[in-house]
Every structure is written in C-alpha cells, then in structure tokens.
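Down below is the structure, laid out as structure tokens.
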Amino acid sequence: MTVPERLSDETRERLRVLTERHTVGITAGGAFCGSGFVVTPDTVITCAHVVAGRDPAGLVALVEGRSVAVDVVRMVPESRGEGSIYGFPDLAELRLAEPAHDLSGVWLDDSEPLQSASVSVHGFSGHTLEQGVQPDTLRLQVAGRSGQYVRLQWDQVVQGFSGGPVLDTGTGRVCGVLKASRHEKGMSGGWLIPIDALEQCSPGLLERNRLSHRPGTPWFDTVGERLRRQRELFGPDPGSEGGGTTPAQMLSRGAMPFVERPELGELVSWCHESPDHLLRVLYAPGGSGKTRLSAQLCGLLREEGWVAGFAEVFTNPLAQERWLENMTSALAAGFPALVVFDYAQARVSDVCELLAHIHRHRPQDATLRVLLLARSETPLR
C-alpha cells in the first residue's frame, strides 16, 4: 500500500479519533497505572513496568468508557531486574475478559519511524486542566535511534503515558509504544519501543494485525483515503445529497427498486475470483436492467472496501489523464476497483485508453475489473 505524500487534515483528524478510541487506561485495585492500546478486539499492549508487581485480580482496562477486567498473558522481560530501568523491550500483552468487538485494533506500522518524523502519543495522565486522570495527547519528533529504543524530543512526557500508542502522523499507523520520559519536568521528550519489538512479546501478532487491516476496514480506508478516491473517480456518494442525476446515479439512490437477479452473483464472483479476466461485457436490449444491476454491484463492492462506479464522460484529454492517474493511485493504495462503462458502444476509445494506461502503470497485485454495458455485443467484438 502506498500512502499519499501528505495525509489531509481531515484524514489526520479521523486518525486521531481512531487512535483515541483504541487507547485504554490501566488500573490496579482502582489505582491508575498507565496507558495501553487495543491491537485486536481481545488484546491490549502496554509496557511491562505498567503491570509488573500488580495484583492480577485487580487489573482493569478502561475501554471506551467501560471498565473491563484483563489478564496478563506475558511480560517481556518478566521482572525489572537489578537496574532502575525496566529492561528491553518492556512490553506486556493483556487479554480483555470482554472483547471490544467494535474495535478492530490499531494498525501497526511495518517499521520504526524515520528520523525527524512527527508523531503523536495518546494516553491518559493526571496533568490536564481537569481533575483526575483524563485522556491526554503529546506531539513529539523522532530524534533517532537510542540503543534498542528510539529517542523522542520536544514535548513534555508526563507520568501516565507509559504504554500508550505512538502514531506516525506521516504514515497514519502506530509505530511504537511509549516507554518513559527522559525528564518529566522539562521539554525533554522520551523513548519509544520500536514496533518490531512486539514480536518478542507476542509472536505472530504483527502478521495477524497486518491481515486484519484490509480494504473496507476503518483504519485502512482512513489512511488510504478511500472516500476521497471514490469521489475523485466516480463523483459524490450516490446516497448523499447532490449524488448526481445520471441514470446510474439515480438508480443507485433507489429510484427504482432492485429485483434480485442471478447475474448479480455471477458478477460478484467474477470480481472476486477471476484474476485473469479484467474485462467483461454485459449486453441486453435497452430497458432490461443492465444499469440497475451494475449500480447494485457497485454498491455491494463499495461496502466491501472497493472503489466502484460508472466512468464519467470525459470532456477533454486533460480530465481523462487526471482520471487515469487517480485510478492508478487508488490501485497503488491497495484498493480493488470496478469501472463500469455505460453505453459502451460509444466509449470504446475511453475503454482502450484505460486498458493501455493500466497495462503501462498497473501496480503489482492490483485488482481491477472493467464492466462494459451494451445493447449488443457486435460493436465490441
């Protein structure tokens, strides 16, 4: 997956909300211990020193306002050791007694953040303007490697953030776990436990997390800006105000109820199961329901995380070139795509331009389907 050169402000705001939803506060016997975050619906990651020495029976995670009992699955290392600093990687895996089924887990990055990258740290602390422990946020910059850790600088890291997720605001993914402050009373930053250290604590977790984030899931769609790409390629959401007045757009909004047809299942199977069949022609006399069927197909695929819709009629070569670039960009971002050409007899040149462009620039492993609607197969042979 490729990420836009700069995530939009709207995307960053959505990522902030997603990260905060997945951030938990951890208490033991009612006393606040530190922060953590959900990586799968039933698994929380935090620092080992946050839960070390606590009564296991009293450990609780505050998940979206709910208090949920947790069990310590493992800590690495299992004890602090002789030094004053808990040893590397200082990680703990916790199991929620009640899975958070409405949370899919943060999306973990593939590598540690680059030097000078901007990151935000999410957690809980008692250092806000409100009384008690409250959600809190820090903004820091990556200074670089510091032994096995990554050094962060600029903001004031206060007690309570240990175990919180560190979000790389460039990639939109969680790149590590906050360990500790370098100096709590100054703007000295702290240390980050790099994401690859999670494999020592929870073998296989990184791969399970990667597989759980795909097109159609909240974090993947947010980072890849799927809604923006859908609008750029196929116009406003058919179900929204100003959703367009073309026959396809009106049919997508339910101007005519859809009557179940066996062809729909065949088309869905073609989209999912026929990697070598890029192109398909659907032909029938006018008024037989081709457009309504195709609009229904597009709607089903959008619900699964595809970008799908009817190709616009291009007014000039520049508009067409921009559309083609947007299409390859969406494919490079990891989104499967379906393009429908209505009245295909009159769009043969546009279809050829798309196929030629994809042949030259198609990203590896990209999924693209092109559906041509026609009243006869003859002009398309």
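The values are calculated or read from the model by the stated rules, or taken from the named source; none is laboratory data. All figures in this text were calculated on a predicted structure; none of them were measured in a lab. Here Cβ is always computed from backbone atoms with ideal geometry, including for glycine, and neighbour counts include all displayed protein chains. Note: areas computed on protein heavy atoms with side chains; ligands, DNA, RNA excluded. Shrake-Rupley method; radii C 1.70, N 1.55, O 1.52, S 1.80 Å.
Quick look at the numbers
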{"read-out": "Per residue, in Å², the accessible surface of the chain once ligands and nucleic acids are set aside, probe 1.4 Å", "value": "48"}
{"read-out": "Trypsin sites (Lys or Arg not before Pro) restricted to DSSP loop in the range 1-61 with at most 13 other C-beta within 10 Å", "value": "6"}
{"read-out": "Overall form of the range 260-380 per C-alpha gyration tensor (a/c, 1.5; a/b vs b/c)", "value": "oblate"}
{"read-out": "Extension gain (nm, one decimal) between residue 346 and residue 73, 0.36 nm per residue minus Cα-Cα", "value": "92.0 nm"}
{"read-out": "Gyration tensor verdict on the range 69-115 (Cα atoms; rounded if a/c is under 1.5, prolate if a/b is larger than b/c, oblate otherwise)", "value": "oblate"}
{"read-out": "DSSP beta bridges in the chain [antiparallel fraction, %, rounded to 5]", "value": "80"}
{"read-out": "Percent carbon-and-sulfur accessible area, the range 1-122, ignoring ligands, DNA and RNA, probe 1.4 Å", "value": "49"}
{"read-out": "Structure-based [θ]222 nm, the chain - -39500 (n - 2.57) summed over DSSP H runs of at least 4, per residue, nearest 500", "value": "-8000 deg cm²/dmol"}
{"read-out": "Sites matching trypsin sites (Lys or Arg not before Pro) across the range 56-122 that sit in DSSP coil, with at most 16 neighbouring C-beta atoms within 10 Å", "value": "80"}
{"read-out": "Kirkwood Rh and Cα Rg combined as Rg/Rh, the range 1-100", "value": "1.06"}
{"read-out": "Rounded if a/c under 1.5, otherwise prolate or oblate - the range 332-376, Cα gyration tensor axes", "value": "oblate"}
{"read-out": "Translational diffusion of the range 118-182, µm² s⁻¹ [Kirkwood Rh, Cα pairs; Stokes-Einstein; 25 °C; 0.890 mPa s]", "value": "203"}
{"read-out": "Residue 196 paired with residue 143, simple spin-label distance in nm, labels 7 Å along Cα-to-beta-carbon", "value": "2.2"}
{"read-out": "Range of Cα positions in the chain per principal axis (Å), largest first", "value": "82, 39, 39"}
{"read-out": "Debye, to nearest 20: dipole size of the chain, +1 on Lys, Arg Cβ, -1 on Asp, Glu Cβ", "value": "480"}
{"read-out": "Residue-by-residue Karplus 3J(HN,Hα) for the range 294-304, coefficients 6.51, -1.76, 1.60, Hz, glycine and proline x", "value": "5, 5, 5, 4, 4, x, 5, 5, 4, 5, 8"}
{"read-out": "Overall Cα dimensions of the range 278-327, principal axis frame, Å, largest first", "value": "34, 28, 18"}
{"read-out": "Principal axis box of the range 309-351, alpha-carbon based, largest edge first, Å", "value": "30, 21, 13"}
{"read-out": "3J(HN,Hα) from dihedral phi, the range 332-341, Karplus parametrisation 6.51/-1.76/1.60, rounded to Hz, x for glycine, proline", "value": "5, 6, x, 8, x, 9, 10, 10, 10, 10"}
{"read-out": "Ordering of 125-131, 170-176 by burial proxy (mean other Cβ atoms within 10 Å per residue, highest first)", "value": "170-176, 125-131"}
